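Structure record follows, encoded as structure tokens.
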Amino acid sequence: MSKRVALITGANRGIGFAAAGALLQLGFEVIVAGRDPVSVEAAAGKLGAVPLTVDVTRAEAVERARAFVEENFGRLEVLINNAGVLLDREARGLEVPLEAVEATFRVNVYGALRMSQAFAPLMVRQGYGRIVNVSSVMGSLAGAGQGYLAYRSSKAALNMVTRVLAAELSGTGVLVNAVHPGWVRTRMGGEAAPLSPEEGARALVWAATLPDDGPTGGFFQGEGEAIPW
Ligand SMILES: NC(=O)c1ccc[n+]([C@@H]2O[C@H](COP(=O)([O-])OP(=O)(O)OC[C@H]3O[C@@H](n4cnc5c(N)ncnc54)[C@H](OP(=O)(O)O)[C@@H]3O)[C@@H](O)[C@H]2O)c1
């Protein structure tokens, strides 16, 4: 039997890179996707994965990525929408430039939706798929406080994208879930974060390898611990 294929966006570094390593260890064929070709080639080379340059904010790049996967593999078992940006670290919501809100949504929400729209039909055709949207507790409405308005809103919107796609794909064999990796030591998470990228990647790997009767339309951390919306 040929290997299962997993595509991870933003996998040239951070949590995505660690998830790529973990899925390779589990025997997946892994496509390391990212927007910078040099960094993507280097990361994929280090891991023994397949490099794919795709900026998730660009429709034509995503279409090229879909065509690449279709031609080279003819299938895709796992899509991890991990690419993300945090652009409003310093600003209060009352002052955050709308350009920063828009730029955040372009990657964190529209990017993940565009990738899902491109690849879900392939998964439906094969009757199997796992879409993992890398969200954050910062997007939880239940726990929201001040600041990070762009980032929080984008992850809340990504959670809703997760719910709607999960409902629409119900019964097709495609499970769609949102996960929170924890606070992780990456360029985004910073030096003070308690978790390594490998520890953060566990939630992604859990959702990527769910059994057929696993959950869909949920929001989880770790290995299946539900988070309030
Ligand atoms: N670190 C944490 O504590 C934490 C907590 C909760 C959730 N998360 C989420 O976990 C995910 C990964 O974060 P991380 O901590 O690993 O962050 P990171 O180290 O900053 O990595 C972000 C990745 O996203 C890529 N990316 C950004 N814009 C892109 C675009 N337009 N197209 C394709 N790739 C793009 C980056 O590529 P470049 O190298 O080209 O910039 C990089 O590979 C994010 O969705 C983040 O919101 C992180």
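The values are calculated or read from the model by the stated rules, or taken from the named source; none is laboratory data. Predicted model only: the values in this text are computed from it and were never measured. Cβ atoms come from the backbone with ideal geometry, glycine included; neighbour counts cover every protein chain shown. The protein model used for the area step is the full one, side chains on, heavy atoms only, and it has no ligands, DNA or RNA in it. Shrake-Rupley method; radii C 1.70, N 1.55, O 1.52, S 1.80 Å.
A simple rule links phi to the HN-Hα coupling: the Karplus curve 6.51 cos²θ - 1.76 cosθ + 1.60 with θ = phi - 60°, which for the range 73-85 gives 10, x, 6, 8, 8, 10, 10, 10, 7, 9, 3, x, 10 Hz, with x for Gly and Pro. Computed with the Debye formula from one identical point scatterer per Cα of the chain, without solvent, the log10 of I(q)/I(0) at q = 0.07, 0.16 Å⁻¹ comes to -0.19, -1.08. Rounded to the nearest 20, the Cβ-based charge dipole of the chain about its Cα centre (Lys and Arg +1, Asp and Glu -1) stands at 60 debye. Note that the chain presents 47 Å² accessible area per residue, ligands and nucleic acids not counted, probe 1.4 Å.
Each residue of the range 56-72 was assigned a 3J(HN,Hα) from its phi angle through the Karplus curve 6.51 cos²θ - 1.76 cosθ + 1.60 (θ = phi - 60°); the sequence is 5, 7, 10, 4, 5, 5, 5, 5, 5, 5, 4, 5, 4, 5, 4, 6, 8 Hz, with glycine and proline shown as x. The average projected area of the range 99-229, computed from the convex hull of its Cα atoms over all directions, is 8.1 nm². For the range 175-229, a simple Cβ point-charge model (Lys and Arg +1, Asp and Glu -1, everything else neutral) yields a dipole of about 240 debye relative to the Cα centre.
Ligands, DNA and RNA left out, the accessible area of the range 5-226 computed with a 1.4 Å probe is 53% carbon and sulfur. Across the range 163-229, Cα pairs under 8 Å and at least six residues apart give a relative contact order of 37 percent.
Counting Lys and Arg as +1 and Asp and Glu as -1 over every other residue whose Cβ lies under 12 Å from the Cβ of L175, the net charge comes to -2. Judged by the mean number of other Cβ atoms found within 10 Å, the most tightly packed of the peptides 182-194, 57-69 leads the ranking 57-69, 182-194. Of the beta bridges in the chain, as assigned by DSSP with both residues counted there, near 5 percent are antiparallel. Between amide H atoms placed 1.01 Å from N, distances below 5 Å from V176 occur with I131, G217, all of them 5 or more places distant or on a separate chain. Per-residue 3J(HN,Hα) values for the range 18-31, derived from phi via the Karplus relation 6.51 cos²θ - 1.76 cosθ + 1.60 with θ = phi - 60°, read 5, 5, 4, x, 5, 5, 4, 4, 7, x, 6, 7, 10, 9 Hz in sequence order (x marks Gly and Pro). Computed extension length for S196-L141: 17.2 nm, one decimal, from 0.36 nm per residue of separation with the Cα-Cα distance subtracted.
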